[in-house]
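Student: I'd like to ask you about the structure that follows.
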Amino acid sequence: MKIIYSNPKKGTYKLQVENLDDLWYLNDLLAPLDIVKARTFRKIKKGEEDQRASKAIKRPVVLTLQLEKIEFSKYSNTLRLLGIITEGPDDIPLSSHHTINVEENTVLTIVKEKWYNYQLEKLKEATLEKVPNILICVMDREEAYFALLKKYGYELLSSIKGKVQKKEVEEKIDVSFYKEIIEKLNYYIDRYKITKVVVASPAFFKDDLIKELRDDTLRQKIILATCSAVGKNGINEVLKRSEIKKALKQARAIKEVNLVEELLQEISKNNLATYGIKEVEKAITAGAVNKLLVTDSLIQKMRSEETFDKLDALMKQTESLKGEVHLISTEHDGGKKLDGLGGIGAILRYKLNY
């Protein structure tokens with residue numbers, strides 16, 4: 001997501017959606033009563049003076065809405081903003097309803113009466129230039145190339161060559177070549193604090209490399225992919241593959257998973273944690289919440305049931321009492337575990353005695 005213009009004092013941010021992941025962020029950022037301005041399409045009736053001749057046509061217009069409802073589907077990658085028109089062309093009646101469909105490259109202005117810290121953190125996360133530290137390794141029977149993923153491309157770190165043993169028609173890779181690749185992977189993981197490694201190759205070479213792995217920690221960091229060539233062409237090919245997106249999502253999820261695990265550990269010790277909306281509400285009211293964890297699916301559920309106001313108030317109250325609010329995705333196991341606890345949990349400053 002790109003910030004085109006901002007005026008924090010007036011609560012105004014003009015944003016450009018750069019990819020489909022930004023829709024997920026916007027779904028968490030937006031709330032009923034927010035003001036949103038964007039270019040959209042509106043059916044306009046022509047020939048109103050003669051009802052029989054009237055014909056509705058779609059016309060591009062810039063409209064400002066006061067949001068009533070946000071509808072997001074992560075399966076179809078659609079975000080729909082429903083609200084009442086507060087500003088627009090003269091021939092479009094104010095206070096009528098309209099829906100803005102947000103997609104890639106959409107530019108929209110958001111105005112909030114107050115931006116809360118958890119919303120600003122999400123906005124910051126969505127617009128940060130820094131990407132998670134992901135290493136790319138493309139290899140075949142003779143060469144291996146290592147590159148560090150950047151927001152707009154990659155940085156080539158090094159390349160190595162292996163010794164190919166030829167026996168008539170058959171070709172075999174010296175096992176020491178795999179070991180050399182593994183040593184390089186471990187070196188770059190330590191140097192750049194790598195969270196995920198995408199290993200790609202033509203044919204079966206990547207699978208043979210995995211067979212030589214004895215380090216479970218490294219194995220868990222690796223995502224396998226296929227490419228038709230090595231070198232820069234192979235790296236460019238890997239950058240376009242879905243495995244890179246998967247690696248980015250997994251790296252982003254690490255922080256959220258750790259938060260959920262911290263919550264679960266406190267619950268298992270019957271110590272500084274509580275879960276379920278009623279119990280969490282009691283803890284917030286007592287000012288005992290240090291970290292509030294809420295899943296995106298609970299937000300969606302309460303919006304659809306038109307009970308989101310209660311959850312929104314709890315998140316705002318947590319921040320007003322100097323607690324942290326963390327929105328947790330249910331696309332990873334941590335989020336699914338939290339969903340199993342009702343979609344909401346809190347890590348406490350001190351133990352409550354009821």
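The values are calculated or read from the model by the stated rules, or taken from the named source; none is laboratory data. For clarity, every value in this text was computed on a predicted model and none was experimentally measured. Neighbour counts run over all protein chains shown; Cβ positions are idealised from the backbone, glycine included.
Student: Given the structure, is ASN290 outside any helix (DSSP H, G or I) and without any contact (Cβ under 8 Å) to a residue 40 or more places away in the chain? Steps first, answer last, please.
Tutor: Numbers: outside any helix (DSSP H, G or I): yes; without any contact (Cβ under 8 Å) to a residue 40 or more places away in the chain: no.
So ASN290 fails the test.
Student: To continue, here is another question. Any idea which of (1) modelled with pLDDT of 90 or more; (2) under 22 Å from the mean Cα position of the chain (by Cα) is the one LYS322 doesn't satisfy?
Tutor: (2)
Student: Within the range 44-53, is there a residue that is modelled with pLDDT of 90 or more, in a strand (DSSP E or B) and of a type in the set (Val, Ile, Thr)? Quick ask: steps written out before the conclusion?
Tutor: Here is the first cut: in the range 44-53, the residues modelled with pLDDT of 90 or more are none.
No: zero hits.
Student: OK, next. Please count how many residues of the range 336-354 are at pLDDT below 90 and either of a type in the set (S, T, N, Q) or crowded, with 20+ Cβ neighbours inside 10 Å (or both).
Tutor: To start, the set of residues in the range 336-354 that are at pLDDT below 90 comprises 351-354.
So of that shortlist, the ones also either of a type in the set (S, T, N, Q) or crowded, with 20+ Cβ neighbours inside 10 Å (or both) come out as 353.
Residues flagged as at pLDDT below 90 and either of a type in the set (S, T, N, Q) or crowded, with 20+ Cβ neighbours inside 10 Å (or both) within the range 336-354 amount to 1.
Student: Exactly one condition in (1) touching a residue at least 40 places away in the same chain (Cβ under 8 Å); (2) assigned to a helix (DSSP H, G or I); (3) surrounded by fewer than 18 Cβ atoms within 10 Å (Cβ to Cβ) is false for LEU185; which is it?
Tutor: That leaves (3) as the condition not met.
Student: Another question, if that's okay. Mind telling me which of the residues LYS269, LYS278, LYS337 ends up being in contact (Cβ under 8 Å) with a residue 12 or more places away in the chain, farther than 23 Å from LEU29 by Cβ and not assigned by TED's automatic domain parsing to the domain that holds LEU33?
Tutor: Working: LYS269 fails: in contact (Cβ under 8 Å) with a residue 12 or more places away in the chain; LYS278 fails: in contact (Cβ under 8 Å) with a residue 12 or more places away in the chain.
From the options LYS269, LYS278, LYS337, the qualifying one is LYS337.
Student: For the range 9-23, how many residues meet the condition of being more than 15 Å from GLN66 (Cα to Cα), out of contact with any Phe, Trp or Tyr (no Cβ under 6 Å at 6 or more places or on another chain) and either surrounded by fewer than 20 Cβ atoms within 10 Å (Cβ to Cβ) or without any contact (Cβ under 8 Å) to a residue 40 or more places away in the chain (or both)?
Tutor: 7
Student: Looking at GLU171, GLU68, GLU104 in this structure, which one is among the acidic types (Asp, Glu) and at pLDDT 90 or above? Outline the logic, then answer.
Tutor: Numbers: GLU171 fails: at pLDDT 90 or above; GLU104 fails: at pLDDT 90 or above.
It is GLU68.
Student: Right, LEU33: loosely packed, with under 14 Cβ neighbours inside 10 Å, touching a strand residue (DSSP E or B) at 6+ places or on another chain (Cβ under 7 Å), at pLDDT 85 or above and among the aliphatic types (A, V, I, L, M) or not? Spell out the reasoning first.
Tutor: Working: loosely packed, with under 14 Cβ neighbours inside 10 Å: yes; touching a strand residue (DSSP E or B) at 6+ places or on another chain (Cβ under 7 Å): yes; at pLDDT 85 or above: yes; among the aliphatic types (A, V, I, L, M): yes.
Against the criterion (loosely packed, with under 14 Cβ neighbours inside 10 Å, touching a strand residue (DSSP E or B) at 6+ places or on another chain (Cβ under 7 Å), at pLDDT 85 or above and among the aliphatic types (A, V, I, L, M)), LEU33 qualifies.
Student: Just one of (1) surrounded by fewer than 21 Cβ atoms within 10 Å (Cβ to Cβ); (2) touching a residue at least 24 places away in the same chain (Cβ under 8 Å); (3) touching a Ser or Thr at 6+ places or on another chain (Cβ under 7 Å) trips up LYS301, so point out which.
Tutor: Evaluating LYS301 over (1) surrounded by fewer than 21 Cβ atoms within 10 Å (Cβ to Cβ); (2) touching a residue at least 24 places away in the same chain (Cβ under 8 Å); (3) touching a Ser or Thr at 6+ places or on another chain (Cβ under 7 Å) leaves (3) as the failure.
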